[in-house]
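Taking it in order: structure first as structure tokens, then the write-up.
The values are calculated or read from the model by the stated rules, or taken from the named source; none is laboratory data. All of these numbers come straight from a predicted model, not from anything done at the bench. With ideal geometry, Cβ positions are generated from the backbone for all residues, glycine too; neighbour counts draw on all protein chains shown. Just the protein is used for accessible areas: all its heavy atoms, side chains included, with ligands, DNA and RNA removed. Shrake-Rupley method; radii C 1.70, N 1.55, O 1.52, S 1.80 Å.
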Amino acid sequence: MTTREAIQCLRTELSGLYDPREVESMTRVIFEEVLLWKPVDIVMRDSEELPVFFPSRLNEIITRLRRNEPLQSILGKARFHGHSFMVTPAVLIPRPETEQLVDMIVDQNPGSDLQVLDIGTGSGCIAISLARALKFAQVTATDISRDALEVASRNASELKTRVKFVEQDILSCRAPSEAWDIIVSNPPYVTESEKATMERDVLDYEPNVALFVPDSDPMLFYRPIASYASRALKNGGRLYLEINRAMAQQVCNTLLSVGLRNVQVYNDFNGNNRFVTAIKIIE
Ligand code: GLN
């Protein structure tokens, strides 16, 4: 099988199921992850005979894509903030919106030696990206899931990044006083009723514990995070949250109710309310 034949095979097998532009971007990712080829290689080496293992691997990938499995879970890898992260069924696949959250934190915090806490780290994508992008930051990351922490610490060592991982439930964390310059969290925020309208690929291949909150209490995780932050942030420290686009007002109220200041909502690249930030100010 040549490069050209592989590309044609992906186009034919996936047409009608995926948008042609999506097929093209998946093709680039497959060549990059399976053969370590750069996008330019796909053009330059288009008549090259591919390694013998490739056709059967491609066949397996196509079969799973046709069943709506996300490409990242098939490959066990996801790109985030310029790096490749291992993903397993124990963690949420990093979303492009969340890269914006990382960028926002990096832009707003040019200082060095910051103490940073990521609550509910999953694959570790936020914590690890911050540890790489902030100057000499000391990053700690928590998760309730031991399996997730294992994935996160493998990602950290794979990317030669130092992050301290701690097994902890957001709902029961006790706050040290004034420990952190930055607290960030992308907690579960999809309500059970929204689950009904979600794509099957999300439901089948990602952990419910990372995604859902009951309809009766969508602030389940924001409340303890806010109250923890109101105690554990240093004076002038900042809280950064990813949110359900339908819940900006409720999240803002939750943050204001614990005395945090400068509460602001930011949009993601789709124009949805997606992030809320706040500052702790001690008078
Ligand atoms: N943005 C994710 C989704 O739409 C949800 C992430 C989360 O619950 N924190 O599936």
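Looking only at residues in segment 137-157 that are touching a helix residue (DSSP H, G or I) at 6+ places or on another chain (Cβ under 9 Å) and not in a strand (DSSP E or B), the one that is nearest to M86 (Cα to Cα) is N155. Being modelled with pLDDT of 95 or more, part of a loop (DSSP other than H, G, I, E, B) and among the polar types (S, T, N, Q) is the filter here, so list the residues in segment 45-71 that pass it. Scanning segment 45-71 gives a single hit, S47.
Condition check ((1) away from the ligand (no atom under 15 Å from the Cβ); (2) surrounded by 15 or more Cβ atoms within 10 Å (Cβ to Cβ); (3) of a type in the set (A, V, I, L, M)) across all residues:
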{"site": "A196", "(1), (2), (3)": "no, no, yes"}
{"site": "E199", "(1), (2), (3)": "no, no, no"}
{"site": "L203", "(1), (2), (3)": "no, no, yes"}
{"site": "P207", "(1), (2), (3)": "no, yes, no"}
{"site": "A210", "(1), (2), (3)": "no, yes, yes"}
{"site": "F221", "(1), (2), (3)": "no, yes, no"}
{"site": "I225", "(1), (2), (3)": "no, yes, yes"}
{"site": "S230", "(1), (2), (3)": "yes, yes, no"}
{"site": "N235", "(1), (2), (3)": "yes, no, no"}
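Report whether or not V106 is crowded, with 23+ Cβ neighbours inside 10 Å and modelled with pLDDT of 95 or more. For V106, the condition - crowded, with 23+ Cβ neighbours inside 10 Å and modelled with pLDDT of 95 or more - is not met. When V263 is tested against (1) in a strand (DSSP E or B); (2) within 19 Å of E97 (Cβ to Cβ); (3) of a type in the set (A, V, I, L, M); (4) open to solvent by 10 Å² or more (accessible area, probe 1.4 Å), just one condition goes unmet, and that condition is (2). Residue count for segment 72-114, restricted to those that are in contact with a strand residue (DSSP E or B) (Cβ under 9 Å, 6 or more places away or on another chain), assigned to a helix (DSSP H, G or I) and among the aliphatic types (A, V, I, L, M): 4.
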